[in-house]
Amino acid sequence: MNLEGRTSVLSVGGGGFGESVTQDDIALVRRCQKGDALAFEQLVIKYRSKVFSMIYGMVQNEQDAWDLAQEGFIKAWRSIHRFKGQASFYTWLYRIVTNVAIDSLRRKGFKKTAEFDDQIAANEVAPGSKTVPTPDPMPHHGLEREEIRQRIEQAISKLSPEHRAVIVMKEIEELQYNEIAQALGCSIGTVMSRLFYARKKLQTLLKDVYENL
């Protein structure tokens, strides 16, 4: 069946994040690997809302986010035979769609920037901790004013694709370090260093916002 023609499955909400490997997912994946597009459509319906949310956090454009979500799901369908069940289906899917978003940002001119050494946070932050090495809260929490949200979005847009991805995953999606590392295919140390750099840059760009919280 032609999955590319099934664009309507992305048009409404649904699904949830943080769901572990389930027997339902495994059964659906096995059907997908036999060519069952309807089974994959069920996975799309289950996870599309969070996929869109993550991508929108990175690209900050609704139409682009839907287009990239569709592209990510199509890539996942085409490579579903490679899924081995070593991680949850959603972790596997998350890695694909994150790379789609990063590639899109790079095509638009965002460059990869130098990062701190992978070891900078290894002795300072426990892998399971919720935040990077600073007690300061992220400014988006609890903020309702539109102008403040716009400032935060503008600041995030100045980060490189790689740093933007970890900020969205950690501070908005609230993933753990090991989950981000799995999704991005990198070490926990790399995740920590990217978060450290990204938060410091955001704190500089949003200095007045932090001071007025």
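Label separation (I45 vs E147): 4.5 nm, computed from points 7 Å beyond Cα along the C-beta direction.
Between K34 and D103, what is 0.36 nm times their sequence separation minus the Cα-Cα distance? Round to one decimal in nm. The partial results should precede the final answer.
Values: separation 69, 0.36 × 69 = 24.84 nm, distance 2.92 nm.
Gain on extension, K34 to D103, equals 21.9 nm.
Computed 3J(HN,Hα) for region 147-162, one whole-Hz value per residue from the Karplus formula 6.51 cos²θ - 1.76 cosθ + 1.60 where θ = phi - 60°, is 5, 6, 4, 5, 4, 5, 4, 5, 5, 4, 5, 8, 7, 5, x, 5, glycine and proline marked x. Taking all protein chains as shown and a probe of 1.4 angstrom, I80 keeps an accessible surface of around 10 Å².
The values are calculated or read from the model by the stated rules, or taken from the named source; none is laboratory data. All of these numbers come straight from a predicted model, not from anything done at the bench. Positions of Cβ are backbone-derived with ideal geometry, glycine not excepted, and every protein chain shown enters the neighbour counts. Only protein heavy atoms, including side chains, enter the accessible area calculation; ligands, DNA and RNA are left aside. Shrake-Rupley method; radii C 1.70, N 1.55, O 1.52, S 1.80 Å.
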